[in-house]
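The structure under discussion appears below in the form of structure tokens.
The values are calculated or read from the model by the stated rules, or taken from the named source; none is laboratory data. Keep in mind that what you see is a predicted model, and the values were worked out from it rather than measured. Note: ideal-geometry Cβ built from the backbone for every residue, glycine included; neighbour counts use all protein chains shown. All accessible areas refer to the heavy atoms of the entire protein, side chains included, with ligands and DNA or RNA removed. Shrake-Rupley method; radii C 1.70, N 1.55, O 1.52, S 1.80 Å.
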Amino acid sequence: MTGAPEDPPRRQRVMLLGGTGTIGRAAAQALLDEGHEVVCFVRPGAAGLPDNAVIRTGQATDVASLRDDAFRGEGFDVMVSCLASRSGSPEDAWAIDHRAHVMALDEARRAGVHHVVLLSAICVQKPRLAFQHAKLAFEKVLADSGLAYSIVRPTAYFKSLSGQIDRIRRGKPFLLFGDGQLTATKPISDHDLGRYIALCLRDSSLRGILPIGGPGPAFTPRQQGQWLFELLGWPPRFRCVPVAMLDAIVATLAALGTLSPKLREKAELARIGRYYATESMLTWDAGTGRYDADTTPSFGSDTLRDHYAAILAGAPEQDLGAHRVF
Ligand SMILES: NC(=O)c1ccc[n+]([C@@H]2O[C@H](COP(=O)([O-])OP(=O)(O)OC[C@H]3O[C@@H](n4cnc5c(N)ncnc54)[C@H](OP(=O)(O)O)[C@@H]3O)[C@@H](O)[C@H]2O)c1
């Protein structure tokens, strides 16, 4: 341990979980840029982490591995977790977003950690899905732990709003749910979110539950499509999918889900799709029953339009691999 919680030293010893994820990588780099010592606990075979991070391998789902391979009886100041289920299936969400975190929190406390920064999601404010309930359950454990905590609840990531670039380039229309104006968001880039997570260590006002979006006003999916066509210099082409079609898919898969675990997983994926097609990623005002862009905090300077422009100009796109849910 290197100092009292009220007066954090500039260089802190950080245990980072989920450092191989999209935001975990950005957070690792931002923490290193701030001068911290960063120990990444990752699954065997992980590659591409920053050279100056310390890499330890093991299983975040195994308490003995967390103790012996990650913390190793050493002292740490802060735990940052960007660990999250890659599939969003109920079983995986409860195993990762809840149980692995509860075990890691116990080990972190034993290691002398005084502050935990947790990557969560703004959508847990209106929980309807298994992964949201799993996240909320751990958020409560953390809030009741007596440790200082920063629960970072971002709006939407650029990768999640870039999935149609390929189909547009292939001459297909941009797909919209409803009229494409059912939802809105203020997305935040990986780089800006990584910096925000690192800032939580030295800005003691960043404690508690922290909804966070990117710069500028909120915009709708239709606006995103319009940008893509504008940047390509092509006339906009949209295809609208009725939300009722999603409802029918959700209902069919829910009925089939009673037959097998595989179909149950598919039903949950359909519910996740329906949720994001109809709920804005902005702060929810329970008083007015509306999402509110004005009360959604902003951070950073990267914009989605510039991100689209960079990809269309040839910048590499993120490989989402087999898991494209989050
Ligand atoms: N997408 C959005 O627009 C959005 C918006 C707001 C909030 N969020 C939230 O952000 C989180 C996702 O962040 P992200 O996109 O950075 O995540 P990601 O790229 O999917 O990375 C997930 C991380 O968790 C690790 N992990 C997953 N399962 C594991 C397991 N069984 N054992 C050990 N490690 C495991 C992964 O390790 P491996 O690399 O070894 O798999 C990886 O480091 C989710 O909680 C989501 O709800 C997403």
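Of all residues in region 214-227, those that are of a type in the set (Lys, Arg) have Cβ atoms under 6 Å from Cβ atoms of residues that are modelled with pLDDT of 95 or more and surrounded by fewer than 16 Cβ atoms within 10 Å (Cβ to Cβ), 6 or more apart or on another chain, in 222/181.
With respect to residue 182, is the statement that it is outside any helix (DSSP H, G or I), away from the ligand (no atom under 16 Å from the Cβ) and modelled with pLDDT of 95 or more true?
Working: outside any helix (DSSP H, G or I): yes; away from the ligand (no atom under 16 Å from the Cβ): yes; modelled with pLDDT of 95 or more: yes.
So residue 182 passes the test.
When region 24-62 is filtered for residues that are under 21 Å from residue 97 (Cβ atoms), open to solvent by less than 30 Å² (accessible area, probe 1.4 Å) and part of a helix (DSSP H, G or I), the ones remaining, listed by number, are 24, 26, 27, 28. Considering only residues in region 63-80 that are open to solvent by 30 Å² or more (accessible area, probe 1.4 Å) and of a type in the set (D, E, K, R), the one that is nearest to the ligand (Cβ to nearest atom) turns out to be 69.
Residue-level check: of (1) farther than 22 Å from residue 63 by Cβ; (2) in a helix (DSSP H, G or I); (3) more than 16 Å from the ligand (Cβ to nearest atom), residue 197 misses just (3).
Looking across region 81-114, the residues that are surrounded by 17 or more Cβ atoms within 10 Å (Cβ to Cβ), away from the ligand (no atom under 12 Å from the Cβ) and among the hydrophobic types (A, V, I, L, M, F, W, C) come down to 105, 108, 111, 113.
Just one residue in the set 124, 117 is within 11 Å of the ligand (Cβ to nearest atom), under 18 Å from the mean Cα position of the chain (by Cα) and within 21 Å of residue 197 (Cα to Cα); that residue is 124. Scanning region 153-165 for residues that are open to solvent by less than 40 Å² (accessible area, probe 1.4 Å) and not in a strand (DSSP E or B), we see that the one that is farthest from the ligand (Cβ to nearest atom) is 165. Considering region 166-181, the residues that are surrounded by 13 or more Cβ atoms within 10 Å (Cβ to Cβ) and of a type in the set (Gly, Ala, Ser) include one that is nearest to residue 224 (Cα to Cα), namely 180.
Evaluated against (1) within 12 Å of the ligand (Cβ to nearest atom); (2) in contact (Cβ under 8 Å) with a residue 40 or more places away in the chain; (3) closer than 26 Å to residue 148 by Cβ, residue 42 falls short on exactly one condition, (2). The set of residues in region 134-152 that are within 13 Å of the ligand (Cβ to nearest atom) and in contact (Cβ under 8 Å) with a residue 40 or more places away in the chain comprises 134, 135, 138, 139, 151, 152.
Of the residues 194, 225, 214, the single one that is in contact with a strand residue (DSSP E or B) (Cβ under 6 Å, 6 or more places away or on another chain), under 30 Å from residue 147 (Cα atoms) and buried (at least 16 other Cβ atoms within 10 Å of the Cβ) is 214. One residue stands out in region 278-307 among those that are over 17 Å from the mean Cα position of the chain (by Cα) and among the aliphatic types (A, V, I, L, M): the one that is farthest from the ligand (Cβ to nearest atom), namely 286.
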